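K.L.:
Below: one structure in structure tokens.
The values are calculated or read from the model by the stated rules, or taken from the named source; none is laboratory data. It should be emphasised that the depicted structure is a prediction, and the values quoted were computed from it without experimental measurement. Note: ideal-geometry Cβ built from the backbone for every residue, glycine included; neighbour counts use all protein chains shown.
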Amino acid sequence: MSLKSKRLGTLADIYQSENLDGTIRTIRIEKIEPAENQPRQERKKGIDELAASLRADGLLQPIVVSKGKGEDHYRIIAGERRYHAARSLGWQEIECKILDRPEKEIYKLAVIENLQRENLSPYEEVDALLFLKNAHSYTDAELGDLFGKSRSYMSEVLSIAGMEKADLVTCRSYGIQNKNLLVQAAQAAKKGSLVNFLEMFSKGELKTVRDAKDFNKKTKDSAAPTLGRRIPAQYKLKRSGNSIVIQSEDEILLGEMLKYLRKELSKKFGDSATT
């Protein structure tokens, strides 16, 4: 048994002291609906492949549900992709494990279930953990205890949430899917060197997390974004009425310029100038 399994076990193991129902029964699909909030952002990714697996081998593990708002209706905690795959095959019913939990616990269970299966992207995991931290006022240490991780690990992962949305979108577009590498990208963004970080990553010069850590160690904090290496032709300035429009196909450059302008406006006019 892995260390992670020892720490987390199953959902029932984590909450057995709170007397979860745990009943397994077959429920008609029309009485089941996806949850409004779900850690997985790409809910229907890989449905065709999963449907092929269900057709060949059947459902190997029940989906996890809780009681819904209506009578005899249920809401999915974990297994939404299996639910969609079963529907695509025309199944009329599906085996479910029912958990009787308070409303505020439902999302927490969904996050735990998905993290146990290790099938969340780092972007989805960060959003889910940040939601839990804010919704339940967890400290980093408490989150670490819940998931069997150290406080420092949780702090590092949650540092990703401090990145600008545009930077996160750009990191994803560059194909950064390794959680530890994304943590290093967040450190580079904090130092004002994300542009160089991503350029080196795209060229294959930052192949490992160790390479990324070495890059950040060698990079000094920069008050302004490192736009000096950019070619001026990569962006255009034009006047539109009383405004100046910046155009570029380079999302990284635009993101860095926006952060720099916001910082300078905030220093000169206060935070209200950037809202």
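K.L.:
In this structure, does L89 turn out to be modelled with pLDDT under 85 and not charged (D, E, K, R)?
P.N.:
When the stated conditions are applied, L89 does not pass them.
K.L.:
Select from the stretch 56-74 the residues that are more than 14 Å from R25 (Cα to Cα) and in contact (Cβ under 8 Å) with a residue 12 or more places away in the chain and list them in ascending order.
P.N.:
G68
K.L.:
Still on this structure, I have one more. Taking the residues in the stretch 84-100 that are under 25 Å from the mean Cα position of the chain (by Cα) and hydrophobic (A, V, I, L, M, F, W, C) as candidates, determine which candidate is farthest from R55 (Cα to Cα).
P.N.:
L99
K.L.:
With the requirement that a residue be closer than 24 Å to T139 by Cα, in a loop (DSSP other than H, G, I, E, B) and not acidic (D, E), what does the stretch 154-177 give you?
P.N.:
Across the stretch 154-177, the qualifying residue is only M163.
K.L.:
Give the stretch 191-204 a look and list any residue that's at negative phi and either outside any loop (DSSP other than H, G, I, E, B) or surrounded by fewer than 13 Cβ atoms within 10 Å (Cβ to Cβ) (or both), or say none.
P.N.:
K191, L194, V195, N196, F197, L198, E199, M200, F201, S202, K203 - these are the residues of the stretch 191-204 that are at negative phi and either outside any loop (DSSP other than H, G, I, E, B) or surrounded by fewer than 13 Cβ atoms within 10 Å (Cβ to Cβ) (or both).
K.L.:
Being more than 18 Å from the chain's Cα centre (by Cα), outside any helix (DSSP H, G or I) and modelled with pLDDT of 80 or more is the filter here; which residues of the stretch 101-153 pass it?
P.N.:
Those that are more than 18 Å from the chain's Cα centre (by Cα), outside any helix (DSSP H, G or I) and modelled with pLDDT of 80 or more: S137, T139, S150.
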